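Notes follow once the structure below has been shown.
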Amino acid sequence: MPAEFYYGVEVFLNGLMAGVMYSLVALGFVLIFKASGIFNYAQGIMALFAALTLVGFQEGQIPFSHLINAIFGTEVHHFGWHMPAFFAILAALVIMIIFAWLVEKLILQHLVNQEPIILFMATIGLAYFMEGFGDLMWGSNVKKLDIGIPQGGNFWIEESTAFLGGPDFYGFYLDTLDIYATFIAAALVIALVIFSQYTKTGRALRAVADDHQAALSVGISLRAIWVIVWAIAGFVALVAGIMWGAKSGVQFSLSLIALKALPVLMLGGFTSIPGAIIGGLIIGVGEKMFEFLIGAPLLGGATENWFAYMVALVFLVFRPQGLFGEKIIERV
Amino acid sequence: MSMQSAQSAQGYVTADGRKIGGPVMEMENITLRFGGVTAIQDISFDILEGEIRAIIGPNGAGKSSMLNVINGFYHPQEGRILYHGEERKPLKPYQIAYQGIARTFQNIALFKGMTTLDNIMTGRLTHMKTNLLSQALWWGRAEKEEVENREIVEKIIDFLEIQTIRKTPVGRLPYGLQKRVELGRALAAEPSLLLLDEPMAGMNVEEKEDMSRFILDVNDEFGTTIALIEHDMGVVMDIADRVVVMDYGKKIGDGTPAEVRSNQAVIDAYLGVSHD
């Protein structure tokens, strides 16, 4: 086999791992959409906010320090301690659960039975509020997120695969962080599936996704379920925020990854958890392979910026419900 | 005017020898309005323990509204509701489920993506008490509770003769079987009052006979009190112990099937004598 082939394999593997990241974000969208029919525009910001909070706790940053200093003329920035990563993650998780509760209490509760477009607008408002709030709380500088996952090329994989492609091939270059992210995401998805299949709350979540009225009649409180769903979406956002943040620093452009989840959802369908995962993998592999095979040699590169959206558009034309979405049948 | 049945005081014994007890539910002077429209006007009746109570009437008479009042989807503007002798405050539908009232819907409301087994398991929710954390970790009581409740659900599946479709997503089942699964989900709650909204609507003769048999068996074997709405007069007269007749939001008759059948107001409503 020529070295070219193995470079292709390497691109494919890297695409798969990029796809896992997309899947993580898309998963958060699907969870909320299934349970409440809300397209949560704020999902990307939730990932950013979760990552900001995690770094803030880890570094012992004082929340709202800028505001406090401006009002009281003080110069406080840090508590002066560093929290171990594990506890910082737990604390950030608690914050995301409180956030879920507040969203239900302050927003959703007042918008029950409203049109989807109104709920969608509410989440846009929420997204920009959170962006400003996160800025105010933790500051807008780019932060380094390090929870102890090693980064950079994995030498073991590189060295042990170098023999494959002859003298021109130096082995597969895979980022260790991506490998970790893949396993963590897989574990997360498996845990979510088990939870939703084999526990009463999981069943209640699926029940609410199917039929609100029937869910009420068997004793499910919709409001409690919404808090749980938003808390789980917050948890997924935290995991996504950690992975993306560790990769490229915690910065406000992180919230734009939510936009990459849109074509993933178009592909996978808004109501399907396996769809979100497979959609993410297809987009990840698709855009990397397209760039490698066609984009870079023929089109001058940088096709990754638009490839996913083109695929989504083509899909919309031929299969509007996505790969795994429920077929929309209207009785006449 | 309405005809009060002499039997409704403190229980009675039916012709087939079933003992009917005191009131489970008493509706007193219920009035329900939607804006300017009065859906239910000053209606009183009771449901006694162990009986099959039917609510009948032409389309738009307010039957489904009445069921929704009992079930807590609607809150009446006037009147009192007594449940097991105590006045019931306005509750949310999910709280009413915890009080032991289960129901089915006119247009089947099942969880279509879930299997028969899972659908009926959701009916056990009000009996399951482990908290979220122990479920998430599959810890201690959570597992035991799943197993115990699963056993009860399997009994209901046997009772309704739907063993072969246990693992089938209910969205794929034919209409008659979906209705049966919905009944199973309501039964799983071991309700002290079971509400059935047109359990035989849209069924063929054979399916209707099956459903009638199941309703009678539920009542007979578990002693479940049942209130049902039904269009098919023949079925109602066959299975109900007592019947409330509604027309244009008012009660026009109340009594045994025989009493109701000979009530002139009821005959007029069904034969379409003009309302002035």
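Values in this text are rule-based calculations from the coordinates and carry no lab data. These numbers come from a predicted model, not from an experiment. Backbone-built Cβ (ideal geometry, glycine too); neighbour counts: all protein chains shown.
As an exercise, use a Förster radius of 56 Å and the Cβ-Cβ distance of A:Phe12 and B:Asn107 to find the FRET efficiency, rounded to the nearest 0.05.
The formula returns an efficiency of 0.70 here.
Would you pull out the residues with amide H under 5 Å of B:Ile55's amide H, same chain only if 5 or more places away, H placed 1.01 Å from N?
For B:Ile55, the qualifying residues are B:Leu228, B:Ile229, B:Glu230, B:Val244.
Over the range A:3-252, what per residue volume does the convex hull of the Cα atoms give, in whole Å³?
Normalising the Cα hull of the range A:3-252 by residue number yields 157 Å³.
Relative contact order of the range B:112-190, please, whole-number percent, based on alpha carbon pairs below 8 angstrom and at least 6 residues apart.
Normalised by residue count, the contact order of the range B:112-190 is 55 percent.
Roughly how tilted is helix B:141-159, in degrees to the nearest 10 and between 0 and 90, from the longest Cα axis of chain B?
50 degrees
Ignore the peptide's own chain and count Cβ atoms of other chains within 10 Å of each Cβ in B:104-110; give me the average, rounded.
3
When only C-alpha pairs under 8 Å and at least 6 residues apart count, what is the relative contact order of chain B, in percent?
Once divided by the residue count of chain B, the mean separation gives 27 percent.
Just counting partner chain Cβ atoms within 10 Å, what average do the residues of peptide A:220-232 show around their Cβ?
Across A:220-232, the average partner-chain Cβ count within 10 Å equals 2.
Give me the three principal axis extents of the protein assembly as shown from the C-alpha atoms, as integers in angstrom, largest value leading.
For the protein assembly as shown, the Cα extents along the three principal axes come out at 98, 67, 51 Å.
Of the peptides A:105-117, A:225-237, how do they stack up when ordered by the mean number of other Cβ atoms within 10 Å, highest first?
Per-residue Cβ counts within 10 Å, averaged per peptide and sorted highest first, yield A:225-237, A:105-117.
Taking the Cβ of each residue in B:Lys144, B:Lys250 as the centre, tally the other Cβ atoms inside 10 Å and list the residues starting with the fewest.
B:Lys144, B:Lys250
Give me the inter-chain shielding for B:91-101: mean count of other chain Cβ atoms within 10 Å, whole number please.
Partner-chain Cβ atoms within 10 Å, mean over residues of B:91-101: 4.
For the range A:59-64, take each phi angle, set θ = phi - 60°, evaluate the Karplus expression 6.51 cos²θ - 1.76 cosθ + 1.60, and give the result in whole Hz per residue in order, putting x for glycine and proline.
7, x, 5, 8, x, 6
Hey, can you rank B:119-125, A:79-85, B:108-114 by average C-beta count inside 10 Å, highest first?
B:119-125, B:108-114, A:79-85
Rounded to the nearest 0.05, what FRET efficiency do A:Glu304 and A:His110 give with R0 = 51 Å and r taken as the Cβ-Cβ distance? Could you check?
0.80
Using each residue's phi in the range A:277-287, evaluate 6.51 cos²θ - 1.76 cosθ + 1.60 at θ = phi - 60° and report the 3J(HN,Hα) Karplus result to the nearest Hz, with x for Gly and Pro.
Going residue by residue, I get 6, 5, x, x, 5, 4, 5, x, 5, x, 6 Hz, with x marking Gly and Pro.
I need the phi-derived Karplus couplings for the range A:14-26: 6.51 cos²θ - 1.76 cosθ + 1.60, θ = phi - 60°, integer Hz, Gly and Pro marked x.
In residue order, the calculated couplings are 5, x, 4, 6, 5, x, 4, 4, 4, 4, 4, 5, 4 Hz.
Any idea what the dipole of chain B comes to, in debye rounded to 20, about its Cα centre with Lys/Arg Cβ at +1 and Asp/Glu Cβ at -1?
Roughly 900 debye, rounded to the nearest 20.
Would you work out the relative contact order for the range A:3-252, in percent, from Cα pairs under 8 angstrom that are 6 or more residues apart?
36 percent
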